[in-house]
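The values are calculated or read from the model by the stated rules, or taken from the named source; none is laboratory data. For clarity, every value in this text was computed on a predicted model and none was experimentally measured. When we count neighbours, we look across all protein chains shown, and the Cβ atoms used for this are built from the backbone with ideal geometry, even at glycine.
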């Protein structure tokens, strides 16, 4: 873990979830084996939100500057927070399901861990 944010790998996705509209998913070789080059993380968002975000043609994502900038930014944030080589991409739901329709293309939702913060009423006051 890197970055000094005090977040575990499971907790570190909260920023991405708020901006991308849903939980990020771990996909690819890091999900199924011990040998991997990078850690593939995908935000799969519904078609209406994808369009509202103006991310361009979901079949030609790398041609849209906004899509590229968001993916690079969240990849860098993920790398800084976890110390892992994160490859973050945003996918339109319909296109993601078309490209990876079968159970052999597994997805594992990340970030289903509540932040471990004590409610303010239970915190001790410094004296």
Matching residues, region 42-78, being under 13 Å from residue 96 (Cβ atoms) and touching a residue at least 60 places away in the same chain (Cβ under 8 Å):
42, 44
Could you give every pair whose Cβ atoms fall below 7 Å, whose first residue belongs to region 83-99 and is on the phi > 0 side of the Ramachandran plot and surrounded by fewer than 16 Cβ atoms within 10 Å (Cβ to Cβ), and whose second residue is modelled with pLDDT under 95 and assigned to a loop (DSSP other than H, G, I, E, B), counting only separations of at least 6 or pairs across chains?
83/1; 83/2
Considering residues of region 12-36 that are buried (at least 20 other Cβ atoms within 10 Å of the Cβ) and modelled with pLDDT under 85 only, the residue farthest from residue 96 (Cα to Cα)
12
